[in-house]
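The values are calculated or read from the model by the stated rules, or taken from the named source; none is laboratory data. Owing to the predicted nature of the structure, the values given are computational and were not obtained by experimental measurement. For neighbour counting, all protein chains shown are included, and Cβ atoms are generated from backbone atoms with ideal geometry for every residue, glycine included.
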Amino acid sequence: MRERGALLRVRSYDLDVDLSRTGEPAFRSRSTIRFTCARPGASSWADALPRRVRSAVLNGRPVEYDGAGRIPLPDLAARNELTVEADYDFSTGGEGLHRFTDPADQQVYVYSHLQPGHAPRVFACFDQPDLKAPFEISVTALDGWTVLSNALPGHPPVAGVHRFAPTPPISTYLVAVAAGPWASWTADQGGAVPLGVHTRRSLATHLDPAVLLERLREGVAFFAGAFATLYPFRKLDLCFVPEFNFGAMENAACVFAAETFVFDRAVTRYAHRRRDEMIFHEISHQWFGDLVTLRWWDDLWLSEAFATWAGVHALTRLTGDTGAWADFAAGKKAHAYLLDQSDSTHPVVTGVPDVDAAGSAFDALTYHKGASVLRQLVARLGLDGFLEGMRRYFADHSYGTAGRAEMLGALAAAAGRDLTAWTDAWLLTAGLSEVRADFDVDEAGRFTRFDLLQTGSLRPHRLAVGVYAEDRHGDLVRVRRHELDADGPRTSVDALIGTRSGPLVLPNDGDLTYCRIVLDPRSAEEVVHRIGRLADPMARSLCWTAAWDMVRHAELPPRRFLTMVLGGLTAETQIGVFQRLLVRVSTVLTAYTEQGWARAHGWPSYVDHLLRVVSAHDGDADQRLAAARAVADAALAADHVDTVRKWFHGAAPIDVDDGLRRRFARSLVAHGEPPEDVSGAFTVVGDRLAERLKASAPTAEAKEWAWTAILRSESVAQVRALADGFAHPAHHHLLAPFVRRYAQDVPPLLASGGDREPARTVAVRMFPSWSVSRRTLGVIDRMPAGDRFVRLAGAARAELALAVDLSERDAAG
């Protein structure tokens, strides 16, 4: 496909989409593409995935659709015009044009999702990022519908036809259409960028539009200033769309976000932080990704890594959230560490030969290692130098395409530094560096020697070493910090020689670089016993991650980690880290410990601790809510299930809304309550809750029904709901037969629909991680799985192998 980018230049698109026949399974679109050809007489093709082509005309003569995604374009002229009118299927899997009927009021909503490779499911086009062009879009919709797209309306709709002004040049995957009876709020800022926030009507009372509009205003102003480049489009909409497969999508001037960010349930402040970060992430994309687009999918990491870094950076500057980077370190970055130590590791820059591979390239290494690498670069160049380089990049490539080389060249020129060695070490090599402090102290407790040792993937690091000691209140506080450049297997830190040591020495203090921290024995003991006394949120976050890595490297027994968490949990002030620790405890009890002990002792002691947190009326409200959710998921003993039942029926020590009640309902059904006995507690049950509850029932028939429904599903939202109900800690005996079923059923599913999001979701979400055994590993390893399976589920297979090893060690004592 890359050769097409050298041959063709697209001058414009006229796109007409007819959504007026919503009762039918298909819609109609007509696209007219005006383009030039550098070698008249050459041949090329347009991309299209229609149900039926009604007509395709190139330069006045008919051309034929090949039935396999391409419209051949023979004997091109220097200037060409192609018009294709076709019928396309509505999607239920969140790809192309997704149609959703709201179970609350039966209203219909339609929206597009075109990245990567799904634009041909909506209109004929040249579907690759380097072939940008202006779009003039019109949409025919039902009366009373609001229609959103990438530009402002050209004039009021006439006879249901909404016509939009031409866009600046954008790539096909950034085209957006959203239509339906949206609830909308706007802010006309008196000459500044017009802003809009939209959601379906049944969720309107749960939205806080004033806050969201202010976040949009702040984000646009912040990045325009930081990049010294005006906002590149004429308006900005944020639309929360149903059944969205991802967190959000940076469509030019028309961001779509998942409805998980509409808080129709009680949420912790971590949810608000994630939503703010999402908004700033997508706004930064309006410059990096939309104004300047990466030339090809192999630089996908750069667009997502930059926006991930920029989202957290803006969050800290605009909201004063000093814990945002600490939360990033404990969550997203820690997840990248896990992937980077598995068989699924790959360099940040990796080959993407086609669009199918691009669809599988979105992982924690793309987003989170990439963002960590950029943060390391910011530490190396300084924030001012980094932003100056980005200003040059935007100035040189606005409304065009560029790549990694152009960005790094702009940064190197701004900083006056050669980044070649840095690029080779950080972007082109896979794996994780391990950094540890190696030192001696004298009788007075002063360092007589201090080295940083690096193993694994050797890279140049800009990092800091922190020394922590006890203050008069008994808290561990930083008493010394030294920042330096470390490279090679050993780096002497002479600045610390002669200074006083402390009970905790923390390499990578402040989390400037991307590496696994290996604590020295004394520091490790201090963290395990006294992490709750560590005052600094970032230092605590790094130590939680270091302890988790110790568990996974068999350096800290899983049961001891459980004791560590229960001892330090309520002292954790970062609610995102608190919630993540609950997930890790669940992993320990589900996969890393001997299951007889876990059922008899581990789960009950954990739930008892959670009940104390929930019942602490003077405790942190967010901790109490998170703990109550965890009780619903972890209650296995009869008395704990009885507590959940009482909470469900109104006797909980905290306020219970529908969101929390749904968790309680799922727990009760998993322990034998008929779904119909609990579903009556909800005003609107909806298919997804009904399906989740039915799959949660503790019977072989329910699991068989769920498995069959999952394999047949064309809806990612349905697969996720059924998967949530299917696997429960109390049902492992019921799930045993599905290990072989997974091995039998998933390869053909991927072979027939591996480029579709539902099939990918099945491969990942239904991986038999519930069966931690050598037998399961053997079944998985005998699967006829190809590269696609390895890309999707390779990390899950590595996690299973690790769990088998750790659980066998635990059982052996």
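Taking Ala736 as the residue in question, decide whether it is surrounded by fewer than 21 Cβ atoms within 10 Å (Cβ to Cβ) and closer than 30 Å to Pro116 by Cα. For Ala736, the condition - surrounded by fewer than 21 Cβ atoms within 10 Å (Cβ to Cβ) and closer than 30 Å to Pro116 by Cα - is not met.
Among the residues of segment 244-266, those that are in contact with a helix residue (DSSP H, G or I) (Cβ under 8 Å, 6 or more places away or on another chain) and assigned to a loop (DSSP other than H, G, I, E, B) comprise Phe244, Asn245, Gly247, Glu250, Asn251, Ala252, Val262, Phe263, Asp264, Arg265, Ala266. Summed over segment 205-243, the residues that are surrounded by 18 or more Cβ atoms within 10 Å (Cβ to Cβ), of a type in the set (A, V, I, L, M) and outside any helix (DSSP H, G or I) give a count of 4. With respect to His272, determine if the residue is surrounded by fewer than 23 Cβ atoms within 10 Å (Cβ to Cβ), within 18 Å of the chain's Cα centre (by Cα), in a helix (DSSP H, G or I) and not hydroxyl-bearing (Ser, Thr, Tyr). When the stated conditions are applied, His272 passes them. Among the residues of segment 273-321, the one identified as without any contact (Cβ under 8 Å) to a residue 12 or more places away in the chain and in contact with a helix residue (DSSP H, G or I) (Cβ under 6 Å, 6 or more places away or on another chain) is Thr316.
With respect to the conditions (1) surrounded by fewer than 18 Cβ atoms within 10 Å (Cβ to Cβ); (2) within 21 Å of Ala258 (Cβ to Cβ), Leu722 falls short on a single one, namely (1).
Out of the residues in segment 91-101 meeting the condition of being in contact with a Leu (Cβ under 9 Å, 6 or more places away or on another chain) and either modelled with pLDDT under 95 or of a type in the set (Asp, Glu) (or both), tell me which one is nearest to Gly144 (Cα to Cα). That would be Ser91. For Thr573, the conditions (1) within 26 Å of Lys333 (Cβ to Cβ); (2) modelled with pLDDT under 95; (3) assigned to a helix (DSSP H, G or I) are fulfilled apart from (3). Among the residues making up segment 430-480, a single one is in contact with a Lys or Arg (Cβ under 7 Å, 6 or more places away or on another chain), surrounded by fewer than 14 Cβ atoms within 10 Å (Cβ to Cβ) and free of Cβ contacts under 8 Å to residues at least 40 places away in the same chain: Asp440.
Against the numbered list (1) in a loop (DSSP other than H, G, I, E, B); (2) among the β-branched types (Val, Ile, Thr); (3) closer than 16 Å to Ser171 by Cα, Thr293 comes up short only at (1).
Each residue in segment 172-188 was checked for being touching a Gly at 6+ places or on another chain (Cβ under 9 Å) and within 21 Å of His118 (Cα to Cα), and 2 of them qualify.
Restricting attention to segment 6-24, the residues being at pLDDT below 95 and either assigned to a loop (DSSP other than H, G, I, E, B) or crowded, with 17+ Cβ neighbours inside 10 Å (or both) number 5. For segment 481-529, the tally of residues that are of a type in the set (D, E, K, R), out of contact with any Asp or Glu (no Cβ under 7 Å at 6 or more places or on another chain) and closer than 29 Å to Val551 by Cβ stands at 6. For segment 412-450, filtered to residues that are of a type in the set (Gly, Ala, Ser) and in a loop (DSSP other than H, G, I, E, B), the residue that is farthest from the chain's Cα centre (by Cα) is Ala444.
Among the residues of segment 535-559 satisfying the criterion of being free of Cβ contacts under 8 Å to residues at least 40 places away in the same chain and touching a strand residue (DSSP E or B) at 6+ places or on another chain (Cβ under 8 Å), which is nearest to Ala812 (Cα to Cα)? So the residue we want is Ala546.
What's the number of the condition Pro507 fails, among (1) buried (at least 23 other Cβ atoms within 10 Å of the Cβ); (2) touching a His at 6+ places or on another chain (Cβ under 9 Å); (3) under 30 Å from Arg269 (Cα atoms)? For Pro507, the failing item is (2). Taken together, Leu734, Leu777, Leu792 contain a single residue that is under 27 Å from Val641 (Cα atoms), in a helix (DSSP H, G or I) and either in contact with a strand residue (DSSP E or B) (Cβ under 7 Å, 6 or more places away or on another chain) or aliphatic (A, V, I, L, M) (or both), which is Leu734.
Restricting Lys694, Lys703 to residues that are closer than 21 Å to His732 by Cβ and buried (at least 22 other Cβ atoms within 10 Å of the Cβ) narrows the list to Lys703. Cβ separations smaller than 9 Å between residues 6+ apart or across chains give the following pairs from segment 1-20 residues that are more than 20 Å from Asp298 (Cα to Cα) to residues that are among the β-branched types (Val, Ile, Thr) and in a helix (DSSP H, G or I): Tyr13/Thr172. Exactly one residue among Leu581, Leu556, Leu506 is modelled with pLDDT of 95 or more and in a helix (DSSP H, G or I), and that residue is Leu581. For segment 573-615, which residues satisfy the criterion of being crowded, with 22+ Cβ neighbours inside 10 Å, under 20 Å from Ala554 (Cβ atoms) and of a type in the set (Gly, Ala, Ser)? Listed by number, the residues that qualify are Ala598, Gly602.
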